[in-house]
Amino acid sequence: MTNNNSGRRLANRYELMDPIGEGSMGKVYLAKDTLLGGVPVAVKFLAQTLLNEQMTQRFMHEAMTCAQLGNNSIHVVRVTDYGVADDEIPFYVMEYLKGKNLGQVLQSHPLPVKRFLDFTRQICLGLDTAHRGIILEGQLVPIIHRDIKPSNILVTQSASVGELVKILDFGIAKLIQVGISEQTSSFLGTLAYASPEQMEGQELDRRSDIYSLGVMMYQMLTGSLPLRPSSNTFGGWYKAHRSQEPTPLDGLSPYGALPVRIKDAVMSCLAKERSQRPGSVSELFAHLEGSIVSPIAPKEETEPAPPIESEEDRFYRQQGWPPDKPVAEIVFPKLLIMGKRQLPTLWVMLSPQEIEQRISNTGYNNFLCTLNPHPMVLWVTAFHSKAQGPRWLSSYLDLKNPSHGKIIWYLGENGSYRVLFFSKDTPNQFIASRRLHIASPQRKLLKEWVLRARATISVGSSQDSKDILRKELNHKLKPKMLW
């Protein structure tokens, strides 16, 4: 892979632009997704120096891991495609995210408590999703990141949540599954953040990530590391992680005294023995928020704690199938109101078997518009896997209909939406949801269409516009759709 890749096209779809970064396993490029009208994406290539069967397999594991985890959590970078370039170098395609990594954020100053808790909660949500695992060959496989550190945490902006925090780079992640071996005895990780058991090459569980998170949380609060090795070498860091006591947090925050619960939680993560650390990130964050008032008792691994559920997640879980809709395989848009927030959603009813198959698929969306003869938008959502192919969910929105116009406007305003799944077997029971994101250029177009439609006079029927949009989409993608 040469550095002069500007203008090169992959899979007859992704046009490379400029290099924008480098991960643990290769270089990352900014690219345009020409199939979706030039939406910016990030493309990561496996480094040529790592081009062997073992590292290629690890690289594709990273793509597969991030594809599923990104579908399950907004706090993990989302992978949408992967393949092999003409020169036989593997690549995968990620969402393009503007922002700073946490290390860059901390260069100016540590975080005040409120921002620290906000960032930590989002990191815990993403890490909790990884620790709960992905489906691999029909089996639930937990994921250990093994390289939690500030440069692998991205802070970006979101219209709906403000500062949005995402975990990056699962390049050395460990899939905890019988039959998957590392085939290497070399150290993998970053010395300053590695757990004692990781330094020793022991078998790891999620408490190793919790140790690394503890080092990072200490740094988020103080701007410094909790340990000071005698030398910046493997031996120096091994001795520090295994036998040096962390510097107490007292007096180290520039914002004043830290709450006792926060100091206790951070220091518990830094325990030398894994049995002394929180058993899960859910337990850790509960302690940070103060809902656990007693010290965390030493304990071995038990049943996983319940996932960290947001207020928005609870709101969606309480939804029921509308009585005016048939119990059938249909899809329709709906604008929900939660407090002062307007939440665009897509409601889908499928068989329970298909919901189980599709819920972990890679999600895509696209929007097509015609203002003549009648202002109309075609909203297309797709769930795709290589094994199952695509499942297309499509609906028309009439821009002369005020309620439809509001849905389109808030899709552009919020930049994301939830797909709510209901089963035909239990139609009144919410099954699951998936959050899908809308690229920034598409968001601007959505709001522009609403404004232009207000000044557009309809000169034909809505059905004529539907026919035009259907033909355009069939010409582009030729999908099998659920209309």
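Quick note: the coordinates plus some simple rules give every number you see, no bench work behind them. If you're wondering where the values come from, they're calculated on a predicted model, not measured in any experiment. Methodologically, a virtual Cβ is constructed for each residue, glycine included, from the backbone with ideal geometry; neighbour enumeration extends over all protein chains shown.
Distance cut-off 30 Å, Cα to Cα: go down the list 114/272; 263/340; 44/263 and report the pairs above it. Long pairs (Cα-Cα over 30 Å): 263/340; 44/263. For residue 455 and residue 328, what does the FRET efficiency come to when R0 = 41 Å and r is the distance between their Cβ atoms, rounded to the nearest 0.05? Efficiency, rounded to the nearest 0.05: 0.65.
When only alpha carbons are used to place a centre, the range 364-390 and the range 219-247 end up 52 Å from one another. This ranking places 78, 314 by how few other beta-carbon atoms lie within 10 Å of each, fewest first, which gives 314, 78. Amide H to amide H distances under 5 Å link residue 330 with 349, where only residues 5 or more positions off or on other chains count and H is placed in the peptide plane. Would you list which lysines come within 24 Å of residue 424, measuring only between C-alpha atoms, while excluding same-chain residues fewer than 8 positions from it? Cα-Cα hits under 24 Å: 325, 334, 480. When you restrict to C-alpha pairs under 8 Å that are six or more residues apart and normalise by the size of the range 311-482, the relative contact order lands at 28 percent. By the beta-carbon count within 10 Å of each Cβ, the least crowded to most crowded order of 234, 285, 116, fewest first, is 234, 116, 285. Computed from label points 7 Å out along Cα-Cβ, the spacing between residue 203 and residue 403 is 5.6 nm. Available extension along the chain between residue 224 and residue 250 is 8.1 nm, counting 0.36 nm per residue and deducting the alpha carbon span.
Classified by the C-alpha gyration tensor, the range 1-136 has a prolate form. Its axis ratio a/c, with a ≥ b ≥ c, is 1.5 or above, and a/b is larger than b/c. Taking each DSSP H run with n ≥ 4 as -39500 (n - 2.57) and averaging over every residue of the chain yields -10000 deg cm²/dmol at 222 nm.
Remark: the range 393-402, residue by residue, has Karplus-estimated 3J(HN,Hα) of 10, 10, 8, 9, 10, 7, 6, 8, 8, x Hz, where x stands for each Gly or Pro and the curve is 6.51 cos²θ - 1.76 cosθ + 1.60 at θ = phi - 60°.
With a cut-off of 14 Å between beta carbons, the residues surrounding residue 240 carry a summed charge of +2, where Lys and Arg count +1 and Asp and Glu -1. Restricting the trypsin sites (Lys or Arg not before Pro) of the range 326-383 to loop positions (DSSP other than H, G, I, E, B) with no more than 14 neighbouring Cβ atoms within 10 Å leaves 340.
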